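The values are calculated or read from the model by the stated rules, or taken from the named source; none is laboratory data. All of these numbers come straight from a predicted model, not from anything done at the bench. Neighbour counts are summed over all protein chains in view; Cβ atoms, including those assigned to glycine, are modelled from backbone coordinates with ideal geometry.
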Amino acid sequence: MDEVISKITQNIDTLWVIDCAILVFIMQAGFMCMETGLSRHKNSINVALKNAADFGVSVVIFWIFGFGLMFGTSYNGFFGTDLFFFKTDKAEYMTYFVFQAMFVATAATIISGAVAERMKFNGYLIMTVLATGIIYPIVGHWAWSSSFLSKYDTVNQLLIATGQIRTTGWLSDLGFVDFAGSTIVHSVGGWIALAAVLILGPRIGKYSDTNKGKFTGSSFPLAVLGTLILWFGWFGFNGGSNGAMNEAVPLILINTFLAAAFGLLTGLSISYLRFKKPDPFYIILGPLAGLVAITAGCNSMTSVTSIFVGIVGAIIAIIVNEILNKYEIDDVVGAVPVHLAAGIWGTLAVGLFSDLSILDTGLDRFSQIKIQLIGVISIGAFTFITSFLILKLFNKVYPLRVSPVQEELGLNIAEHGAVSVEHDLITVLDKQSASGDLKIRGPQDPFTAGGVIGLYYNKMMDKLESSEAEKNKWRSRISKEIELAVKVQENFIPKRNLKNYPVKGINIPAREVSGDFFSFYPNNENIYFIIADVAGKGIHAGMVMAKASTLFEVLSQGKVDLNEMAFHMNNDLFNTKTAGMFVTGIIGNYDIISEEIKWVNAGHQPALIRNTKGNFEEFESKSPPLGVIFQNNKSVYQVDKKNIKGHRFYSFTDGLSESLNKNNEEIGIEGAKKIINNNFNSSLANELDNISKEVLSNSHKDKLNDDLTILTIGK
């Protein structure tokens, strides 16, 4: 009878754990929804695919060797040495593997949200292999290795009991306790995420003055749905870690529930105190931080204590999130504040508040706190240092970050070739506007805004074609709709209409392919500008010029700060490695309302500002050329600024300063100033035209020795 009861109990326990494993699997969908909602729409497909791909990669790697490293026979308490390519015919063994595989997938997915919107898909999968195949199994062995062999290996029980086979890790031998993984799962994922975001750097424009540190996610409702799914799955995460359906489970579940609920209220309260309104990001951080914090001690704390742990966890996560933003460490979904910071707190809380009789480590309160601290520090140091060094080294061989152009375009298109309904519709409307072909139809989808527009647009087109008599009437109406659509498109991609801007540039190439260029990018009351000179000639110079010009336009569209723009342009041009060429240039921004001009001079000719009396103020370069040395800090590119009300700003390439006077001598900067004064005109266009004519007339061959490029700004 006892055997029958034991068998029934064992089956119930197995069923409970496998059910909990399914709940943990559902968390993968929660992570996907939350991360997609907090990422911008242009990267939503990339984020979703990463969440699906990392699950498959992590489970396969864990089966091949991760499970063995984590739960195999221990080598001096540091890592396992067997159980690779895990196989068994015992149901309880299979159940244990499935449950643990869900945990390793969770650790991998934590990293995904932090590095979203700028990391290469292949680079992310490589990082997943590092996290789930090496780091997580090793630190897991330190604290959790005894949970498999000591419980399930009935063949070697005697050898295990006598110490002839070691199954315990060195941290568990000391008495370290992390019931369901505040540190082993969540902080490990958070440490790797922190290493990755430090190496990758922030998203372009994230901390620009214009954006004020905020990028709006594609869908906060989707992010909240993801949070609720995670909350739901967490009952399996913590409940299944008990390994059995017994009297401990209700306490585990209620502690999990209360910590999350009070974490949510904490986030809500802090958002009211700070912003006088409920901030959606804080409401997402709150419950997740509470869940992470209680995970380590949910089986050994009272409900009141769990509430306190959840509240403090939420406060810590919000504080750490603000610290990261202060130091411009860009974590898209708050993975580091939630999983790392709250995970550390929850692990230490085990020593502070848990019932020592439930922990059953034989340690007093002070000793337990000390061992918990040792575990946090040792796991954190190993995880962060290992992941940082490996990723840093790998990044030098295979850059983990996409190019600035790809980042601004969006990873949906750049990494996966996907486009949105809105993008397709605008393309169709633009094509129809240009061709006049009324048979063209747009994409339609009743579940997207662009698709609904396409649906009604196509219905209207059908009516037009069905009635020959009314075709002319409808044609007029359709033309107006198309014109409106084109105007909408122009809002997305500003045209170079510079009528309202007191700016002008001229470029006269000395050869067929010019290495000089200038460009303007209007952005409401501001206009971005660049003038640059590629060090080199011929087709290679033209290629570098095209690359630099494209980078300028892409970054200007995102209203990126000037020093950050120069920083990204420099590193992208450096990595291009086109025949060792580099670019000197001035990148700036002019506010037509305040008439303030800001610029970065990257190794270029000095910028000049002419006052009403014809005197010049000269500004030498303070920053290195673009593309010479890979930079790690955007502060290398220093910004100058000046209010030019009533004055004019001039910048030019050496085609002007190195042009010849009538005595066949280079005119230099002073000669350039003289030519500007000789030809000063209220019309910028006439002024530049006259300057170029004088330079050409002074040339004995009536031919330029170098490209002549001049840019001027001012009313």
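From the list E322, E328, the one residue that fits, being free of Cβ contacts under 8 Å to residues at least 24 places away in the same chain and either surrounded by fewer than 24 Cβ atoms within 10 Å (Cβ to Cβ) or in a loop (DSSP other than H, G, I, E, B) (or both), is E322. Scanning segment 333-363 for residues that are in a loop (DSSP other than H, G, I, E, B) and either out of contact with any Leu (no Cβ under 6 Å at 6 or more places or on another chain) or under 16 Å from S306 (Cα atoms) (or both) returns S354, D355, D360, T361, G362, L363. Of all the residues in segment 544-562, those that are part of a helix (DSSP H, G or I), within 19 Å of the chain's Cα centre (by Cα), over 20 Å from N601 (Cβ atoms) and not polar (S, T, N, Q) number 1. As a summary of the residue check, Q631 satisfies the conditions (1) in a strand (DSSP E or B); (2) in contact with a helix residue (DSSP H, G or I) (Cβ under 6 Å, 6 or more places away or on another chain) except for the one numbered (1). For beta carbons closer than 8 Å, sequence separation of 6+ or different chains, a first residue in segment 605-625 that is exposed (fewer than 14 other Cβ atoms within 10 Å of the Cβ) and a second that is among the acidic types (D, E), the qualifying pairs are N611/E617. Of these, D640, D689, which one is in a strand (DSSP E or B), surrounded by 14 or more Cβ atoms within 10 Å (Cβ to Cβ) and among the acidic types (D, E)? Criteria check complete, one pass: D640. Of I45, I22, all but one fail to be more than 18 Å from F121 (Cβ to Cβ) and either assigned to a helix (DSSP H, G or I) or touching a Gly at 6+ places or on another chain (Cβ under 9 Å) (or both); the exception is I22. Of all residues in segment 263-309, exactly one satisfies the criterion of being surrounded by fewer than 19 Cβ atoms within 10 Å (Cβ to Cβ), in a loop (DSSP other than H, G, I, E, B) and either polar (S, T, N, Q) or outside the structural domain of E35 (by TED's automatic domain parsing) (or both), namely T302. Kindly provide the set of residues from segment 320-366 that are of a type in the set (V, I, T), farther than 22 Å from T106 by Cα and touching a Pro at 6+ places or on another chain (Cβ under 8 Å), ordered by number. I329, the sole residue that qualifies.
Residue pairs whose Cβ atoms lie under 9 Å apart, separated by 6 or more positions or on different chains, with the first residue in segment 541-561 and in the same structural domain as F518 (by TED's automatic domain parsing) and within 19 Å of N526 (Cβ to Cβ) and the second among the basic types (K, R) and assigned to a helix (DSSP H, G or I), are D561/K634. In a residue-by-residue description of segment 369-387, the property of being in the same structural domain as L194 (by TED's automatic domain parsing), assigned to a loop (DSSP other than H, G, I, E, B), buried (at least 24 other Cβ atoms within 10 Å of the Cβ) and touching a residue at least 60 places away in the same chain (Cβ under 8 Å) applies to no position. Scanning segment 39-56 for residues that are touching a residue at least 60 places away in the same chain (Cβ under 8 Å) and within 20 Å of V224 (Cβ to Cβ), we see that the one that is surrounded by the fewest Cβ atoms within 10 Å (Cβ to Cβ) is H41. Filtered by the rule that a residue be modelled with pLDDT of 55 or more and among the hydrophobic types (A, V, I, L, M, F, W, C), segment 132-156 gives I134, I135, I138, V139, W142, A143, W144, F148. When you check K673 against the structure, is it touching a residue at least 40 places away in the same chain (Cβ under 8 Å) and either surrounded by 14 or more Cβ atoms within 10 Å (Cβ to Cβ) or part of a loop (DSSP other than H, G, I, E, B) (or both), yes or no? When the stated conditions are applied, K673 passes them. Taking the criterion of being at pLDDT 90 or above and among the hydrophobic types (A, V, I, L, M, F, W, C), the residues of segment 584-609 that qualify are I586, I587, I597, W599, V600, A602, A607, L608, I609. Say we look at segment 208-262 and pick out the residues that are over 19 Å from the mean Cα position of the chain (by Cα) and in a loop (DSSP other than H, G, I, E, B); which of these is surrounded by the fewest Cβ atoms within 10 Å (Cβ to Cβ)? This residue is E247.
Regarding segment 96-107, can at least one residue be identified that is modelled with pLDDT under 95 and within 18 Å of A195 (Cα to Cα)? The answer is yes; a qualifying residue exists.
Using the structure shown, decide if I586 is within 16 Å of F529 (Cα to Cα), in contact with a strand residue (DSSP E or B) (Cβ under 6 Å, 6 or more places away or on another chain) and without any contact (Cβ under 8 Å) to a residue 60 or more places away in the chain. Criteria not met by I586. Could you tell me which residue of segment 120-146 is surrounded by the fewest Cβ atoms within 10 Å (Cβ to Cβ), considering only residues that are in contact (Cβ under 8 Å) with a residue 60 or more places away in the chain and among the hydroxyl-bearing types (S, T, Y)? Only one residue fits best here, namely Y124. Say whether the condition of being within 20 Å of F518 (Cα to Cα), modelled with pLDDT of 85 or more and aliphatic (A, V, I, L, M) is met by at least one residue in segment 636-643. Yes, because at least one residue in segment 636-643 is within 20 Å of F518 (Cα to Cα), modelled with pLDDT of 85 or more and aliphatic (A, V, I, L, M).
The set of residues in segment 84-114 being assigned to a loop (DSSP other than H, G, I, E, B) and touching a residue at least 60 places away in the same chain (Cβ under 8 Å) consists of K90 alone.
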